[in-house]
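Before any comments, here is the structure.
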Amino acid sequence: LAPHMILYHINLGFPLLQAGSRLITSSAEVVTRDEVAVPGVSDYAVFQSPTPGYSEQVFFHKMSAGDDGFVTVTLVNDSLKLGLRLRYRQEELSEFTQWKQMGWGAYVLGIEPGNCRSDGRLAARERNALVHIAPGQEFHYRVELSVLSAEGINEL
């Protein structure tokens with residue numbers, strides 16, 4: 001058996017991401033990767049203007065899937081009437097990491113479904129969460145990305 005780790009790292013930036021954009025999730029629980037992110041955990045879903053000296057914040061979400069087994073995460077910019085929707089099957093990708101970097105010159109939101117967190121193999125092994133793959137074994141993943149216009153955003 002060999003370790004099998006997959007994480008889809010999707011970076012979103014300006015103009016979709018800007019002050020006033022909002023992240024809509026089905027998070028049942030949100031925990032921080034480290035102490036740096038603790039002050040921002042209550043504001044994980046809101047975004048400010050680029051901020052000099054901002055230190056990245058990383059959040060691990062425990063998501064609730066819908067009746068269809070899919071988790072939905074949506075970044076919405078109401079002023080542009082534009083959004084991006086991510087859907088994935090929780091059975092296949094049980095982890096979700098959010099990377100929030102509101103820095104000047106490094107202004108980005110990472111949304112990251114995976115079968116692991118972004119903290120690496122050793123951390124997964126320590127949590128007894130390391131997924132293994134046997135020779136000849138296959139895994140299949142379904143990840144959907146959709147751009148939402150005003151009509152789609154109004155349905156949220």
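Every read-out reported here was derived from the displayed coordinates using simple, explicitly stated rules and does not represent laboratory data. Only a predicted model underlies this, so the values are computations on that prediction, with no experimental measurement involved. Neighbour counts are summed over all protein chains in view; Cβ atoms, including those assigned to glycine, are modelled from backbone coordinates with ideal geometry.
Over all alpha-carbon pairs of the stretch 42-156, lay out the pair-distance distribution in 5 Å bins, whole %, shortest bin first.
Histogramming the stretch 42-156 at 5 Å steps yields 2, 10, 16, 18, 20, 16, 9, 5, 3, 1, 0 percent.
Run the numbers on the chain and let me know its relative contact order in percent, using alpha-carbon pairs under 8 Å that are six or more apart.
Values: 332 pairs, mean separation 47.6, N = 156.
For the chain, the relative contact order is 30 percent.
Can you give me the Cα centroid spacing of the stretch 79-156 and the stretch 1-53 in angstrom?
Here the answer is 10 Å between Cα centres.
With n ≥ 4 as the cut-off for DSSP H runs, can you work out [θ] at 222 nm for the chain, using -39500 (n - 2.57) per run divided by the number of residues, rounded to the nearest 500?
Values: 2 runs with 11 residues, N = 156.
That comes out to -1500 deg cm²/dmol.
Report, in debye and to the nearest 20, how large the dipole of the chain comes out about its Cα centre when Lys and Arg carry +1 and Asp and Glu carry -1 on their Cβ.
Using Cβ point charges on Lys, Arg, Asp and Glu, the chain gives about 200 debye.
Which one of ALA65, SER118, TYR141 is farthest out on the positive end of the charge dipole of the chain, using unit charges on Cβ (Lys, Arg +1; Asp, Glu -1) and the Cα centre as origin?
Checked the options; the winner is SER118.
In the chain, which longest range has no GluC sites (Glu not before Pro) that are both DSSP loop (not H, G, I, E or B) and surrounded by at most 12 other Cβ atoms within 10 Å? Mind dumping the intermediate values first?
On the way: sites that count: GLU91, GLU138, GLU155.
Value returned for the longest uninterrupted segment is 1-90.
Pop the C-beta distance of ALA150 and TYR54 into the FRET formula with R0 = 30 Å and round what comes out to the nearest 0.05.
Between ALA150 and TYR54 the formula returns 0.50.
Tell me, what is the percent relative contact order of the stretch 71-156, built from C-alpha pairs under 8 Å that lie six or more residues apart?
It rounds to 36 percent for the stretch 71-156.
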